[in-house]
Structures are given as structure tokens and as C-alpha cells.
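Working notes for the structure below.
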Amino acid sequence: MLRACFKDVPAAWTAYLEYSPAAASAVQNGLHFDVNDELLQLHGPRRFKIAFADEAGKLFGHREKLEALAKFKLRQLVRIGFIEFATDTSIENSTAALSSLADFCLNQLLEFHRADANPLKLAHDETMPFSVIGLGKLGGMELNFSSDIDIMFIYGHRQGVDEFDEQEFYNRLGEKLSRDLSVNTACGQLYRVDLRLRPEGDTGPVARSVESYEAYYAAYGEIWERLALLKSRCSAGDPEVFYEFSQMQLAFCYARNLLPEAIAEIPHLKERTEKEIVGNNGLNTHVKLGIGGIRDIEFFVNANQLLLGARNPTLQNGQTLKVISSLADLNLITAEEESTLHDGYLFWRRLEHRIQMREHRQTHSLPTDQETLDKIARSLDYANGEELWQVQMEWRKKIRAIYDSFFNPLRKREAVSHDFNFEFCKDPEQAKRNWHSLGAAQEGFNTGKRTEHAFNRFAPLLYGQLSKLARPDLALSKFVAFVGVYGSRSLLFESLTASPKALEVLLTIFDCSQYLSEVLMVSPEVFEETARADLDALHDMQGYREDFNTMVSAGRELPTLRLFKRQQMVRLLIRRILQLAEQRDLQLEYTNLADFCLQIILEQIGANSELAVIGLGKHGGQELWFGSDLDVLIIGANDEKARDLVKEMKEQTPQGSLFQVDVRLRPYGEGALAYGVDRYVEYYRDHAQLWEIQALGKARFAAGDKSLGDEFFSKLLPIWQQRCQAPELKQEMLSMRQRILEGRCKSGRPELEFKTGAGGTVDVEFAVQYWLMRQGTFEPNTFRGLVLLSEEFPEQGKALTAGYTFLRRLESLIRLDDNQSHSYLPANDEERGVIAKRFGFSSLADFDRHVAELRGQIRGAFDSFFAQVA
């Protein structure tokens with residue numbers, strides 16, 4: 001409906017051309033309009049398409065199409081301007097029409113380039129998986145009469161198309177679209193284009209895949225990028241591709257753990273804009289960026305969205321007025337504040353449009369000459385420019401008051417300053433230098449306010465966890481190195497802040513395992529992948545196979561067995577740190593991992609039906625841990641494949657080795673690696689010494705042909721039981737134990753020899769093995785054997801079990817560090833003190849005393865047992 005001041009459409013048209021020199025110029029240059037009631041109807045996308053088809057006809061040349069589209073766009077711009085000038089249409093209708101016009105132009109340009117899509121192998125009617133993302137006013141359907149358009153380009157992957165070719169094609173397409181929008185035609189440019197809001201700005205690729213956007217924003221996205229994406233919308237192209245993007249955008253913009261300090265950066269952005277762009281002279285004349293202007297309202301609304309949108313889905317909207325209404329509905333602002341923000345926004349947008357529709361020029365400042373100001377004022381039904389000035393100053397005052405009431409408390413939030421002294425570190429000054437490097441800008445890192453805020457929140461947690469460690473200096477230096485290879489410091493700090501238990505685990509790994517620390521330095525993603533895995537389940541062979549198959553099917557780079565083994569070692573250590581399993585269960589899992597690796601290698605070399613692997617020692621007893629070798633016997637006739645198996649298991653690669661395999665317990669300890677069952681029967685029956693019979697008591701089928709393994713045990717067990725009845729068995733075993741005691745003290749300090757020394761683990765194992773052999777009971781596992789021994793010798797069994805449990809825990813802790821076998825405590829007091837602290841002892845003296853007492857009890861039980869047993 002016409003405004004009351006116009007008697008009919010022609011009168012309104014004449015007034016409009018007098019008001020807008022840009023519209024008058026377009027008419028004078030041949031742009032014809034039928035001045036009637038039809039001119040007052042706003043068009044949408046469908047009408048745009050029909051109108052353009054009628055107007056442009058059949059066009060073939062690309063330049064010809066661009067000229068026609070630019071002319072069409074100018075016609076619609078003049079038309080929308082006239083409707084707003086002459087009628088009571090709402091500002092929302094105008095901005096929606098202007099935004100739809102931009103969407104239409106973008107879609108037309110995509111159609112112009114449809115023929116360029118041959119590299120994508122699209123069917124005739126197939127949609128190109130490419131979208132133009134509208135941001136800012138375009139994204140919010142709030143475009144004005146002379147906006148540039150903020151856009152980004154996104155694409156989805158197609159099967160059968162090389163990813164590099166896709167990236168190259170879509171980057172070229174984005175560049176073509178940008179040139180088309182900016183080219184000068186007889187009717188001017190289509191739109192000024194701003195691509196700087198894309199990741200990495202002018203230095204980043206023009207188009208990215210959904211996955212690339214997700215990775216960038218998760219790792220490096222700053223607060224201003226969250227602001228930009230609040231209004232993201234599919235302006236043109238494939239909506240399905242944008243839908244994938246939008247799921248990431250929602251999680252990024254409406255993060256539940258967003259810090260108030262991050263929101264405090266918003267008023268600083270505004271202040272810099274006022275100082276550097278607007279200047280003192282423009283603070284009360286700039287409609288958009290001045291005091292209490294459009295940007296004040298938008299920043300107030302956007303900040304509330306970022307802070308509260310995760311818990312209030314109605315705030316997840318790109319249109320300013322709708323969000324203001326939702327804030328009021330949620331009682332987050334008062335009715336008076338809603339009225340001020342809503343009406344103030346409409347006032348500024350009407351004024352902005354009146355300024356811009358005169359010249360079709362991007363300007364947001366009130367004119368300085370009185371005559372032009374008066375014209376603008378009268379077009380808005382004010383008496384003159386002076387009245388308009390007074391009204392706009394009042395709006396500035398009321399809107400800035402709301403803005404300040406929200407942001408002033410945040411402005412006062414200063415970055416937290418922590419005074420950490422690192423007195424618990426061996427070298428506090430070096431620790432401080434390492435600490436400061438975590439929050440400082442470094443070459444090659446994207447370091448912004450997000451990183452600063454994230455570290456300030458993370459710092460107390462990190463400091464607290466370091467203070468609990470045995471080697472905090474080492475753990476901190478390893479953590480600094482890990483941050484260096486991880487990539488995004490802000491993402492890492494935020495993740496660990498949200499999961500203190502993950503931080504505890506990571507630092508404990510750095511503190512206690514040099515070997516696994518190096519694994520994480522080379523492959524930092526292993527920690528996250530492992531931490532997300534099922535940590536509660538005890539893995540058997542089938543569990544490992546399922547995990548390995550998942551790793552391979554996921555298309556992981558270098559999905560090798562060695563990488564898998566190292567990842568599973570990290571998993572086992574995490575289970576240990578979190579106390580999700582007892583040490584004996586972890587040893588069982590690690591043994592299962594060794595069996596799995598043997599099984600996979602047998603399958604890979606084609607020997608699964610030709611060979612069987614029998615585990616001995618700790619392997620046979622399912623008591624392996626880090627640093628353990630695999631003592632094995634190999635059953636079968638194919639010695640060449642047996643050698644291939646051992647080679648593959650032991651071979652050292654950049655991803656490490658699998659396991660060191662020891663085949664010296666085979667018959668005669670030399671010659672062929674694999675023998676048939678009958679050869680083993682002959683050897684153990686006629687030639688094996690008693691210590692070899694003792695070793696055979698730890699035998700267990702590990703991998704390969706199960707029928708071969710069953711045949712081995714069915715024929716060898718009777719021989720083992722018969723040989724165990726030898727009358728000299730007890731004396732032979734005691735003599736052997738004494739020879740070990742006298743010949744293997746490598747440290748020169750018997751009190752440190754927790755394995756072979758008096759009261760060490762070997763005492764326990766000999767007692768258990770003798771009892772089982774004398775009873776003819778075949779049980780390879782030491783702990784289960786202790787249960788059987790304790791039934792007959794409860795006092796000795798209790799002492800042996802307690803001592804063995806502690807010493808195996810001690811051994812496992814020492815082996816964690818370098819993945820090597822250790823049989824004695826370090827002679828260095830400082831190193832031994834680290835172990836004591838990890839076990840919870842208040843002093844090294846207490847630890848040494850406890851170890852000595854336990855070993856004394858083990859030795860006493862050992863002597864008592866052999867004195868009583870037949």
C-alpha cells in the first residue's frame with residue numbers, strides 16, 4: 001500500500017527518481033519500467049527466475065550473460081528501492097528481497113559454469129556437490145542496498161574423483177565466480193565480494209571441503225570466526241553439502257565450553273573498529289559502526305547467542321530481529337530492552353537504506369550537507385534533518401546503554417595471572433621457561449586470543465597435575481614437545497581442560513614411559529584415538545582382530561601391525577594408569593597381543609595351516625609385559641617359513657619391531673627352527689635335561705595350526721608328567737637356583753636384584769614350578785600355580801603371593817620407561833627415589849626397607865617350603 005503522502009504510483013515514482021539520483025540515472029540510461037501497481041509487488045526467487053528468462057532470452061556468450069544478469073540485478077534493485085520508498089512494506093521484506101536477489105545471481109553464475117564440471121564426471125541431471133555459503137547480512141537475509149557480499153565456497157567429495165583434482169577444480173570455480181561478481185559491466189558490478197572471512201583469509205584456499213573446514217575451525221577458529229558463522233546460510237548451490245557444513249557450524253558456534261573471556265574479546269573488536277575505521281568524527285554519524293549503531297545491536301545479540309545458544313536452540317538463528325524476540329521470550333532481556341533493540345534496529349536499517357538508495361553506494365554515514373540530510377529526513381517522515389539528528393542521537397544513547405550493561409562486566413575480566421614457582425621441580429628456572437613457551441607465540445603456530453584464553457584456564461590444571469608426578473621436569477618438557485607436534489594448542493588446551501583425567505593420563509605417560517612418549521611424539525593422534533577406544537574391555541585375540549580390522553578398513557595411512565601394536569601398548573598403559581585392570585589382567589592382555597601379532601604374521605606369510613607356535617616362559621604363562629621377549633617352540637615341517645616368522649616379528653622398522661622372539665629353548669638350542677611333533681617327542685623323552693622339562697611346564701598354544709598344537713600337547717604331556725617324577729628333581733632345581741643366585745648378580749649389589757637375587761621373583765617361580773611338577777599338575781601361569789600351592793602350604797603361599805605381586809608390579813613399572821627387560825633396581829638413589837614416589841612411599845629409605853622386608857619374607861617362605869616338601 002502506498003504511503004499517504006503519495007496520491008498514486010506515478011506520483012510516487014516521480015518522487016523516488018527525484019530522491020535517488022542512482023535510480024534516475026538507470027532510467028535515463030535505458031532501463032525501462034512499466035509504472036503501475038505491478039511495480040509495487042516484491043518478487044521472490046521463483047519470480048526472479050521467470051523474469052530473468054523473459055528479459056534475457058537466449059544468450060550464448062559468457063560476457064553476454066554477465067551483462068544481462070547485471071542489468072537484471074540493477075532493475076530489481078531499483079524496483080525494491082522504490083517499493084520501500086513508496087510503501088509501508090517492512091524492512092524485513094526489503095532485506096529478504098535484496099538477499100534473495102543476491103542468491104538468485106549466485107545460482108545463475110553457477111549455472112553459467114555448469115559446463116565446466118566435466119572433471120567431476122557428473123550425470124546430466126546430477127547436482128554439483130558445491131555450495132556458496134552466505135555470511136554476514138547475506139547469510140542473515142538482511143542485505144542492504146549496497147552491501148558487499150561475504151561468502152565462502154564449500155564442496156563435497158565424489159567417489160571415483162581424485163581429491164587433488166577436486167580441490168583444484170573447485171578452487172578455480174570459486175575464483176571464476178569471484179571474478180564474475182566483480183567484473184565491470186554496462187550496469188556496474190554485480191556485487192563487491194569479500195572472501196576474507198574464509199579460513200586463513202587471503203592466504204587460504206578459495207574453496208575447501210567440509211572436512212577441511214571442520215578441521216580448521218576445531219583447531220584454530222577464533223571468536224570473530226564464530227561471530228561470522230552465526231549467520232551462515234546456503235545462498236547457492238547444493239543444500240546437502242551445506243547441511244554437512246551446518247552440523248559442524250552448530251557445534252563450533254554454540255560450544256558448551258566457551259569461555260566468558262572469549263566473549264570479552266567482542267567489545268575490544270568494536271573499540272578497535274571505532275578507533276581505526278570510524279574515528280572520533282564519525283562516532284555520532286556512522287549508522288553501522290558508530291556509538292549505539294547497528295553493530296552494537298548485532299554484537300549484543302551475537303554475544304548472547306554464543307554464550308547461551310548451546311542450551312537455548314531458539315537462539316540458533318541468523319536473523320537479528322528473531323533472536324531479539326527469542327531473548328525476550330527466554331526472559332534474558334527485559335521488555336523495555338527488547339523494544340529498544342527491536343525498534344532501534346529497524347530505525348537504523350531504514351536510515352541505512354535511505355542513505356544508500358540515493359547513490360547505490362556503500363556508505364553508512366549521515367551526509368554532512370543540510371540539504372541532503374533534510375531530504376533523507378523527509379523521506380522517513382521527519383520534519384527536517386535536525387529532528388532526524390536528535391532522534392538518532394537518542395537511539396544511540398539507549399542502545400549503547402544496553403550494550404555497556406552487558407559488556408562492561410566482561411571488559412573488567414582480566415586475563416588470569418598465575419604465580420607458579422615450580423618448587424617441586426629439580427630445575428625450577430628451566431621449568432618456568434618451558435611453561436612460558438606454552439602460552440607464547442611461536443613460529444608456525446596460529447596463536448590468537450583463543451589460545452591465550454584457553455591456556456589461562458588450563459594452566460592451574462596442568463600445574464596441579466605436574467606437582468603430583470615423580471619426574472615433573474621431564475613430564476613438562478615432554479608435554480611442551482607434544483604440544484609442538486600436536487598442531488593446535490588452543491584445541492589441545494580446551495580438550496584437556498574439559499577432560500582432566502585425559503591430562504592426568506597424558507602427563508603420566510610422559511612421566512613414566514620414555515618409549516611411549518616417543519611414540520606419541522611421532523604420532524600424536526594415537527593418544528586421542530586410543531583414549532576414545534573402549535578402555536574397559538579386556539582384549540582377547542578376537543578383540544584385537546576387530547580393532548585391527550577397523551583400523552585397516554578406515555583407510556588409515558600405513559595401517560601396519562607395528563603401528564597397531566604401539567597403539568595397543570598406549571591403550572594398556574592408559575588402562576593401567578586409570579586402574580581399570582589389575583597388573584595380572586594387563587599381562588594377560590599383553591600376552592594376547594603377542595599371540596595376535598604371531599597369528600597375523602603367520603597368515604601373511606601363508607603358514608597358518610603349516611606351523612603352530614608354542615609359548616614358553618612368561619609368554620606361555622600369559623604373564624608378558626613391556627620389554628618381554630617371546631620364548632617359543634615352533635611346530636611344523638616348513639623351516640623356511642618358521643625363519644620368515646621370526647624375521648618378521650623381530651625386524652626393526654621406523655614403526656619399531658613387533659616382539660623379540662627367542663627360539664633357544666628348541667631341541668639342542670641350534671639348527672632348524674621348526675620340528676615336527678614326533679621329533680619333539682623323541683627329544684623330550686630321551687635327551688632333554690630336567691631344566692628343559694621345567695621350562696616345558698610353562699608351555700601353551702599361542703598361534704597357528706590348532707590341530708598341530710593339540711597333537712603336541714597330547715603327546716608331550718605324558719612325557720612331561722613322567723619326567724617330573726625323577727627322584728633327583730628337587731635337588732636339581734635347588735642346585736640350579738643356587739647357580740643362578742651366584743652367577744647372575746650384574747649390579748654388584750644383591751639387595752637390588754629383585755629378579756634373580758635371594759627373595760626375588762625366581763624364588764617364587766621355582767617354588768611354584770617344583771610343586772606343580774611334583775604333583776604332575778600342568779599349569780603354566782604362576783599366579784594360578786600359587787593358588788594351588790597355597791592349598792597345601794597356606795603360610796608360605798601367602799608370603800610368596802604377596803611378595804611376587806609387589807615385585808611383578810615393580811618390574812612392570814621399571815619396564816614402562818624404555819620397553820626393555822630389567823631384573824634389578826637402579827643403583828642411583830635419585831632414580832630409585834622416582835620409583836619410590838610412584839609407589840607412594842614418603843622416602844627412599846621407606847621404599848628400600850619395604851623391598852628388603854618383602855624379599856626376606858619370600859626367601860623365608862622359599863626355604864620353609866623346600867624344607868617341608870618331599
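The values are calculated or read from the model by the stated rules, or taken from the named source; none is laboratory data. These numbers were taken from a predicted model, which means no experiment stands behind them. Cβ: placed from backbone, ideal geometry, glycine included. Neighbour counts: every protein chain shown. Accessible surface is based on the protein model in full, side chains and every heavy atom, while ligands, DNA and RNA are left aside. Shrake-Rupley method; radii C 1.70, N 1.55, O 1.52, S 1.80 Å.
Computing FRET efficiency as 1/(1 + (r/R0)^6) for GLU394 and ASP846, where r is the C-beta to C-beta distance and R0 is 51 Å, gives about 0.10. Between 0 and 90 degrees, the angle of helix 428-439 with respect to the longest Cα principal axis of the chain falls at about 40 degrees.
A Förster distance of 30 Å, applied to the separation of the beta-carbon atoms of ARG46 and GLU126, puts the FRET efficiency at 0.85. On the chain, 49 percent of the accessible area sits on carbon and sulfur atoms, based on a 1.4 Å probe. Working out 0.36 nm times the residue gap between THR372 and ALA401, then minus their Cα-Cα distance, what length gain in nm do you get to one decimal? Between THR372 and ALA401, full extension yields an extra 7.5 nm.
Residues of the range 366-400 falling in the label zone of ALA24, defined by backbone nitrogen less than 16 Å from a point 7 Å along Cα to beta-carbon, are 371-376, 379. Relative to the longest principal axis of the Cα atoms of the chain, the long axis of helix 500-512 lies at roughly 50 degrees. Once the Cβ-Cβ distance of THR273 and LEU59 is raised to the sixth power relative to R0 = 41 Å, the FRET efficiency obtained is 0.45. Label-to-label distance, ASN171 versus THR203, with points set 7 angstrom from Cα along the beta-carbon direction: 1.5 nm. Derived scalar couplings between HN and Hα for the range 564-579 equal 4, 4, 5, 5, 5, 5, 4, 4, 5, 5, 5, 4, 5, 4, 7, 6 Hz in order, rounded to whole Hz, by the Karplus curve 6.51 cos²θ - 1.76 cosθ + 1.60 (θ = phi - 60°), x for Gly and Pro. Helices in the chain, meaning DSSP H runs of at least 4 residues, each add -39500 (n - 2.57). Divided by all residues, the mean residue ellipticity at 222 nm is -19500 deg cm²/dmol.
In the full protein context, the chain carries 43 Å² of accessible surface per residue, based on a 1.4 Å probe and ignoring ligands, DNA and RNA. Here the spin labels are modelled as points 7 Å beyond Cα on the Cα-Cβ line, and at HIS113 and PHE839 they lie 6.9 nm apart.
Straight-line cross-link partners of LYS426 among the lysines, defined as a Cα under 26 Å from its Cα and at least 8 positions apart when in the same chain: LYS468, LYS478, LYS501, LYS837.
For helix 45-56, what angle does its Cα long axis make with the longest principal axis of the chain, in degrees from 0 to 90 and rounded to 10? The angle comes out at about 60 degrees. When the label point is put 7 Å from the Cα of ASP88 along its Cα-to-beta-carbon vector, which residues of the range 1-40 have a backbone N closer than 12 Å? The answer is 1-5, whose backbone nitrogens lie closer than 12 Å to the label point.
Note that the range 677-690 has calculated 3J(HN,Hα) couplings of 4, 5, 5, 5, 4, 4, 5, 5, 7, 10, 10, 5, 7, 4 Hz, one per residue in order, obtained from phi through the Karplus relation 6.51 cos²θ - 1.76 cosθ + 1.60 (θ = phi - 60°); glycine and proline are x. Potential lengthening of the chain between LEU461 and ASN408 amounts to 16.2 nm, from the contour at 0.36 nm per residue minus the alpha-carbon distance. Across the range 581-725, how many lysine pairs, 8 or more positions apart or on different chains, have C-alpha atoms separated by under 16 Å? Please give the number. Going through the range 581-725 pair by pair, I get 4. Under 28 Å of direct C-alpha separation, and excluding same-chain neighbours fewer than eight residues apart, LYS288 reaches these lysines: LYS73, LYS137, LYS231, LYS270, LYS275, LYS322, LYS375, LYS397, LYS398, LYS412, LYS449. The label point for SER339 and the one for LEU788, both projected 7 Å from the Cα toward the Cβ, are 9.0 nm apart. Normalised by the number of residues in the chain, the mean separation of alpha-carbon contacts (under 8 Å, six or more apart) gives a relative contact order of 8 percent.
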